[in-house]
Amino acid sequence: VGFSDEQVTPQQMNEWNRAHRFSRAYVDGDGNPILETDIDFTGGVSEDNIKAWVRLFRDLLVSYVNFLN
C-alpha cells in the first residue's frame, strides 16, 4: 500500500523497519512511503491462514498510518 500525500525520510523508514517484523517500508521513486508484507504459506493455504494474514496486515497498516502521522 502506498501513500502519495505523505513525505518521509529514509531514516524514518529505517526506524519503522527496525521496530516491526512481518513487513517492510520504503520510499518509492516518487518519494512516497510504501508498506509491503508477504503472505506466509507455511503449513499450507487455508481460509484460517488467509484470515490471519488479513488481521496481521490490518494491524500493521493501522500502526503504519499512525507512524506516518
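Read-outs: derived from the displayed coordinates by stated rules, not from any lab. This structure is a prediction, so every number in the text was calculated from the model and none was measured. Virtual Cβ from ideal backbone geometry, glycine too; neighbours counted across all protein chains shown.
Under 7 Å between Cβ atoms, which residue pairs at least 6 apart in sequence (or on different chains) link something in segment 1-20 that is within 10 Å of Gly31 (Cα to Cα) with a partner that is surrounded by 13 or more Cβ atoms within 10 Å (Cβ to Cβ) and of a type outside the set (Val, Ile, Thr)?
Phe3/Asn32; Phe3/Pro33; Phe3/Leu68; Ser4/Asn32; Glu6/Pro33; Glu6/Leu68; Val8/Pro33; Val8/Leu68
What is the number of the single condition among (1) surrounded by 11 or more Cβ atoms within 10 Å (Cβ to Cβ); (2) among the acidic types (Asp, Glu); (3) not in a helix (DSSP H, G or I) that Glu15 does not meet?
(3) is the only condition that Glu15 fails.
Name the residue that is farthest from Tyr64 (Cα to Cα), counting only residues in segment 18-53 that are of a type in the set (Phe, Trp, Tyr) and part of a loop (DSSP other than H, G, I, E, B).
Out of the qualifying residues, it is Phe41.
Of the residues in segment 18-46, how many are of a type in the set (Lys, Arg) and surrounded by 11 or more Cβ atoms within 10 Å (Cβ to Cβ)?
Of the residues in segment 18-46, 1 are of a type in the set (Lys, Arg) and surrounded by 11 or more Cβ atoms within 10 Å (Cβ to Cβ).
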